[in-house]
Amino acid sequence: MSANEQARWTGRRAAADYLRQLLLKPGRYRNAWQVRVSHPRDGLLNQMAVAEVLASDDVVGVMPYQLHATVADALSGRQLTNETLRRFAHSFGFAEHEEARLQRLLAGSARISVLTGSHAVPKSAELELTQLLGPRKHETLSLHDHVFVGGDGRIERAHTLHVIEAIDHGVDRIPFLCDTNVLTIEVGAGGRELTDQVRGVGDDVFFTEILLARTLELGDTIGLEYWLTYRFPGDPDDTSEREFRRAVMRRAANLTMRVEFHPGKLPSRVWWAHWDGVDGRVVGEEQVTLDNQHSAHRYLHSLDRSVAGFRWAWD
């Protein structure tokens, strides 16, 4: 297989992975095909039901059985084109940023990683995690999280701006940790691509690396941006779906966090909180008020070996 053929195959597989995850994660996309299934099972796509959704949106009267092969090929990545992705996006009403991400994945972008399952290794203690991350090679000069909560009450996506300074020579990458509710990671300015290897740390955390756009020497700085999308199940009783936290194992300076809520789904109360570690209880909190853009905002001069963020309650 030539390099070009390999790139096309990799792009099709990545786009197919993301397409499947969009259709499987709780919400209106999954509801659109599940209502056509007598006994739907979470985690299992019914291809004929998906074909029915595509057929119902077809102006020339194509029957679902005529689209079954198209759906099967698209979801497996065997045969997937820009036109097929546009058809899925139109029929299911994908958000603009989701359709654009599908197209970039199909084009073979190495800036996006789709996390489709757990690759967990035995649970790591802090010492093991430190060994995994290796010696510290950079410091965080500023970190800004902008989080979006959708009209269904689920955390949809987050946009992060991250400025780092090299404290060693030859820094060409930084480690990246996220929990298993993250569906995709896409790097923008300052980042070149994500490494191929995605590892699990314990049961709930993924580890990968962001390759930088240039190699940093001691004292050099660079600004990074990246986007995360999420696949929360949609359980209103699950506290993890009503909070956004930033855990810092190593000191970070100038942290800003903003959580923006959909105007049609506003929380009854919002708190700024601190937790006793990643899995610990809330140890301190204060109630905050949303601004006129339906957002909660907080700035911290620094955060060191702590977990802080917002949590909220629905009526």
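Residue-wise test of (1) of a type in the set (A, V, I, L, M); (2) under 18 Å from V205 (Cβ atoms).
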position	(1), (2)
A273	yes, no
G277	no, yes
G280	no, yes
G284	no, no
L290	yes, no
H294	no, no
H297	no, no
V307	yes, yes
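Could you say whether any residue in the range 285-307 is touching a His at 6+ places or on another chain (Cβ under 6 Å), surrounded by 11 or more Cβ atoms within 10 Å (Cβ to Cβ) and free of Cβ contacts under 8 Å to residues at least 40 places away in the same chain? No: zero hits. Scanning the range 242-269 for residues that are within 16 Å of G280 (Cα to Cα) and not hydrophobic (A, V, I, L, M, F, W, C) yields a total of 4.
Residues in the range 286-295: is at least one assigned to a strand (DSSP E or B), over 19 Å from L143 (Cα atoms), of a type in the set (S, T, N, Q) and modelled with pLDDT of 90 or more? So far as the range 286-295 goes, yes, one or more of its residues are assigned to a strand (DSSP E or B), over 19 Å from L143 (Cα atoms), of a type in the set (S, T, N, Q) and modelled with pLDDT of 90 or more.
Scanning the range 262-285 for residues being of a type outside the set (D, E) and part of a loop (DSSP other than H, G, I, E, B) gives a total of 11. Counting only helices (runs of 4 or more DSSP H) that fall entirely inside the range 1-103 and contain at least 3 residues that are over 25 Å from Y226 (Cα atoms) and in contact (Cβ under 8 Å) with a residue 12 or more places away in the chain, the qualifying elements are 28-34, 47-56, 64-76, 82-92. For the range 63-95, residues that are surrounded by fewer than 17 Cβ atoms within 10 Å (Cβ to Cβ) and either in contact with a Phe, Trp or Tyr (Cβ under 7 Å, 6 or more places away or on another chain) or among the β-branched types (V, I, T) (or both) total 1. Remark: E260 matches the filter, which requires a residue to be acidic (D, E), out of contact with any Lys or Arg (no Cβ under 8 Å at 6 or more places or on another chain), in the same structural domain as V163 (by TED's automatic domain parsing) and buried (at least 16 other Cβ atoms within 10 Å of the Cβ).
The values are calculated or read from the model by the stated rules, or taken from the named source; none is laboratory data. Computed from a prediction, not measured in an experiment: that's the story for all the values here. All Cβ positions, even for glycine, are placed from backbone atoms using ideal geometry, and neighbour counts span all protein chains on display.
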